[in-house]
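Read the structure below first, then the notes.
The values are calculated or read from the model by the stated rules, or taken from the named source; none is laboratory data. Computed from a predicted structure; not experimentally measured. As a convention, Cβ positions derive from the backbone with ideal geometry for all residues, glycine included, and neighbour counts pool all protein chains shown.
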Amino acid sequence: MNQQFLIDTLMQSGSQAPVRADIVALTPLTRDDARAGMNRFLTALHEADICRHDRANLADRGERSVVHLPDGARAVVLHATRPLQYVSGLAPFQAPYERLEESAVLVRQLEQAAQRLDLNAWVGERGSLAFERLWQTKARGSDREQKLSNPLLLRATCAWRHAVGGIPVLGAASVALHLAGDGTVDALSLQIRQSDVEVLDTAPVIAEELAARQLAERLASVLGKSKDRLPGDAIQSATLRFGYLDLGKRKAQRVLAPTYVAQIELQHRLERQAYVLAVAATERPYLELPLFGVEAPAVRSRGLHPECRDGAS
Amino acid sequence: MARFGVEAIRYFNHARAAGVSTAGDLTYTFNRSNGFDSALRSAGHTRAFYWSNTDAWETDIRDDDRGGMDSNWVDDVDLFWIETHGGSEADGRARMLYDIAHSEWRTYSDRWQLGEDWNSEWVMAYSCDTVNLNAVTGLWNIFARLHIYCGAWGNMYDGITTDECGEDVGDNLTDGDTISSAWHDGVSDWWVDNHPVTVCVGDSATWNGGNIRWDLSALNRDHLWGHGSVGPDLAPAQQACLLWKWTEG
C-alpha cells in the first residue's frame, strides 16, 4: 500500500482540529444514577405523548436495566455509561410510509419530533447537538419470475452529534430517532456522555499530518504482509475527523480526550474492507485506543476430527 | 430456547501468504463475536460450537450434497453467527473468505442449502457486501427452510467504534426484538456507513400477486426461540417470493 497516498487522502478531508483542546472529566455513574436517568427518560417520553409508564415493570439484567412498558414497548439503560434506549412495540412492518419521501421532508419530520422531545435538555453544560445524518429503512420483494415489487419505506432515522465546547463526541450517534410512517416514534436512543465540564487539562493538539501518518502505520499493521502488494488505488475512500471519542456504551470512561478518527474503505480483488481507526490527538495519551480488541475464547482446537464438538461450551 | 453456533476469523495471514487474498486482519472480530455469544448464553441459550480463525472451515456451511458437512454445523443450529471478509458476485451469490483451505479458501452461497433438516432458521454474517441488492434472488437456493439471512449490501466497518455490535444484536434478540430488527439496529451505530440487509422467503399468500403482505413475512414475525413468535418453515415448493429489507444512509 502506498502510505503517502493514504496520508494525503486523509488530510484532504480536513479535520478542522484546533491548536489546543480541553481534556474534560466525565461524571462517574452509579447504578442509581442510571436508574435516575431512566426515570427522567421515561418522564420525557410520557410528556411528549410517546409512551405511558404508569405500569412500567423494571427488570435487572446484570449490566442493564430493562423497563417493560405498555403495548410491548421497552426502555433500556446500561449501568456503565447510562445510554438510554426506547423501543416501541410496533412490528417492523407496521405503519410504513405511504410513499417514498424526499430526504428533506423526512428530516423536517424528524426534527419536529426531536423538538417535541426537547433533546437539547440532555446535552449538559457547554454541550450542543447537531443534525448529522438521515438513514432510511426500506423493503421490497421479487417473485420467481423476477418481478419486483415497489420499494416500501418503513422507517426514517435521524442521527445527531453531541459536542462539548464545540468539539464533537465521535462514535455511535449521540441521538438516533426512528419514525414510522404515521409519525409514531418507533425508537429513540441517547448516548450522551455525562460531564460536569470539569477541565482537567488543556493540551496542544498534534498536527493532522502526524496523526494521518500514525493512522497509516496502524492500517499497515492491520493489513500485514501479503504475497501480493496492495496497490494505491485499493483505497476507495479515507476520511479523517477530529473530536472526542466515546468508547462505547458498556465501558466506563473517565475523560473526553482529543482524538483523530479515520474511516478507511479498501477494495482489492475479491475483498472489500472498511476500518475505523483512532489515535490520540495529543502527545500525552489520555485514553487507551488499542488497535486490536480481545482474542477468541479458550476452546479446544478442532484438530483432525471435525465431527467432534470441541468448540462446544 | 435456541442452539447457536459462532465462527469468527480475525487473522488472514495464511490467505495472504498463499496469495489468495490481500485482505487485512480484522481488529475487533472477537469483541463482536464474544459479545454475541455472551449475550445469548447469559439468556439461557446453548452454544453448540464456536470456531475461530483456522478452525473455521468453509465446509461447515457447504451443503452435504455438495461435499460439505453443514448438517453437522451450520445446518445443525437454529442461529449461526459468522464474521469474516465477504463479498458478492454479479449473479447474487454471497462469498466469504477463510484463513484455511478446508477444503477451499472461499465459500460461495450456491453451495449452501440451509434448513433442510428443519434446524437452521437464521444466519447472521458480519461481513462486507454478501448481498448484492441488484441480484438478491441469487441467494434463493440457500433457503431450504432457512427463515432469514442477515447480511450486508455494502461495507460493514471493523474497529474501535463497532466493537459492541455483536452484543447489541444479542441483547436485542433476548429483549424480544424480531430477528430482522435485532440485526438492523444491532449492527448500526448510526454513524459509520454500515449496510445491514435481511432476506427471507415468503409463500404465495405473502406475495399476494405483488401486493406484498409484509405482515406475514418472517422479517415481520420471527423472533429468537423463547422471545416471541416464529413463523413456519417454508419448503422450497412453498416459496413464491424473496423479500428483503435494507437500511441506507
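Contact map, the stretch B:123-144: first residue more than 14 Å from B:Cys200 (Cα to Cα) and touching a residue at least 60 places away in the same chain (Cβ under 8 Å), second residue of a type in the set (Asp, Glu) and buried (at least 19 other Cβ atoms within 10 Å of the Cβ), Cβ cut-off under 6 Å, separation 6 or more or different chains; pairs are B:Tyr126/B:Glu83.
The residues listed here are B:Met124, B:Met96; of these, the one that is within 13 Å of another protein chain (Cβ to nearest Cβ), buried (at least 24 other Cβ atoms within 10 Å of the Cβ) and not hydroxyl-bearing (Ser, Thr, Tyr) is B:Met96. Among the residues of the stretch A:75-99, the ones that are at the interface with chain B (Cβ under 10 Å from one of its Cβ atoms), at pLDDT 95 or above and over 20 Å from the mean Cα position of the chain (by Cα) come to 6 in all. Screening the candidates B:Trp118, B:Trp105, B:Trp81 for the property of being among the hydrophobic types (A, V, I, L, M, F, W, C) and out of contact with any Ser or Thr (no Cβ under 9 Å at 6 or more places or on another chain) yields one hit, B:Trp118. Does B:Trp244 count as under 19 Å from the mean Cα position of the chain (by Cα), within 10 Å of chain A (Cβ to nearest Cβ) and farther than 27 Å from B:Arg47 by Cβ? So B:Trp244 fits the description; yes. Cβ-Cβ contacts under 8 Å between residues 6 or more apart (or on different chains), taken from a first residue in the stretch A:2-18 that is assigned to a helix (DSSP H, G or I) to a second residue that is of a type in the set (Lys, Arg), are listed as A:Gln3/A:Arg213; A:Ile7/A:Arg213. Going by the conditions given, is A:Gly303 at pLDDT below 95 and out of contact with any helix residue (DSSP H, G or I) (no Cβ under 8 Å at 6 or more places or on another chain)? Taking the combined requirement at face value, the residue satisfies it. The residues of the stretch A:50-72 that are within 14 Å of another protein chain (Cβ to nearest Cβ), in a loop (DSSP other than H, G, I, E, B) and buried (at least 18 other Cβ atoms within 10 Å of the Cβ) amount to a single one, A:Leu69. Is it fair to say B:Val230 is surrounded by 15 or more Cβ atoms within 10 Å (Cβ to Cβ), closer than 19 Å to B:Gln113 by Cβ and more than 9 Å from every other protein chain (Cβ to nearest Cβ)? Taking the combined requirement at face value, the residue does not satisfy it.
A quick yes/no check of all residues on (1) outside any loop (DSSP other than H, G, I, E, B); (2) modelled with pLDDT of 95 or more; (3) more than 7 Å from chain A (Cβ to nearest Cβ); (4) touching a Leu at 6+ places or on another chain (Cβ under 7 Å):
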site: B:His184; (1), (2), (3), (4): yes, yes, no, no
site: B:Ala205; (1), (2), (3), (4): yes, yes, yes, yes
site: B:Gly209; (1), (2), (3), (4): yes, yes, yes, no
site: B:Asp215; (1), (2), (3), (4): yes, yes, no, no
site: B:Asn220; (1), (2), (3), (4): yes, yes, no, no
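Whether a residue is part of a helix (DSSP H, G or I), in contact with a Leu (Cβ under 6 Å, 6 or more places away or on another chain) and either of a type in the set (Ser, Thr, Tyr) or farther than 17 Å from A:Val175 by Cα (or both) was assessed, and A:Leu100 does not pass this test.
For the stretch B:217-241, name all the residues that are farther than 12 Å from B:Ser180 by Cβ, among the aliphatic types (A, V, I, L, M) and within 21 Å of the chain's Cα centre (by Cα). Of everything in the stretch B:217-241, those that are farther than 12 Å from B:Ser180 by Cβ, among the aliphatic types (A, V, I, L, M) and within 21 Å of the chain's Cα centre (by Cα) turn out to be B:Val230, B:Leu234, B:Ala235.
B:Ala90 - would you say it is in contact (Cβ under 8 Å) with a residue 40 or more places away in the chain, among the small types (Gly, Ala, Ser) and out of contact with any Ser or Thr (no Cβ under 8 Å at 6 or more places or on another chain)? Taking the combined requirement at face value, the residue satisfies it. The number of residues in the stretch A:100-138 that are of a type in the set (Val, Ile, Thr), within 14 Å of chain B (Cβ to nearest Cβ) and either within 22 Å of A:Ala48 (Cα to Cα) or surrounded by fewer than 17 Cβ atoms within 10 Å (Cβ to Cβ) (or both) comes to 1.
Residue pairs whose Cβ atoms lie under 9 Å apart, separated by 6 or more positions or on different chains, with the first residue in the stretch A:204-217 and in the same structural domain as A:Val276 (by TED's automatic domain parsing) and among the basic types (Lys, Arg) and the second surrounded by fewer than 20 Cβ atoms within 10 Å (Cβ to Cβ) and assigned to a helix (DSSP H, G or I), are A:Arg213/A:Gln3. Across the stretch B:146-167, which residue is surrounded by the most Cβ atoms within 10 Å (Cβ to Cβ) among those that are in contact with a helix residue (DSSP H, G or I) (Cβ under 8 Å, 6 or more places away or on another chain) and more than 8 Å from chain A (Cβ to nearest Cβ)? Only one residue fits best here, namely B:Gly166.
A:Arg161 passes every criterion in (1) more than 7 Å from chain B (Cβ to nearest Cβ); (2) not in a strand (DSSP E or B) apart from (2). Inside the stretch B:6-25, can you point out the residues that are of a type in the set (A, V, I, L, M), at the interface with chain A (Cβ under 8 Å from one of its Cβ atoms) and more than 22 Å from B:Ser120 (Cβ to Cβ)? Across the stretch B:6-25, the qualifying residues are B:Ala17, B:Ala18, B:Ala23. For the stretch A:164-174, the tally of residues that are part of a loop (DSSP other than H, G, I, E, B) and among the aliphatic types (A, V, I, L, M) stands at 2. Checking the structure you have, find out if any residue of the stretch B:16-36 is in a strand (DSSP E or B) and either at pLDDT below 95 or in contact with a strand residue (DSSP E or B) (Cβ under 7 Å, 6 or more places away or on another chain) (or both). No; the residues of the stretch B:16-36 include none that is in a strand (DSSP E or B) and either at pLDDT below 95 or in contact with a strand residue (DSSP E or B) (Cβ under 7 Å, 6 or more places away or on another chain) (or both).
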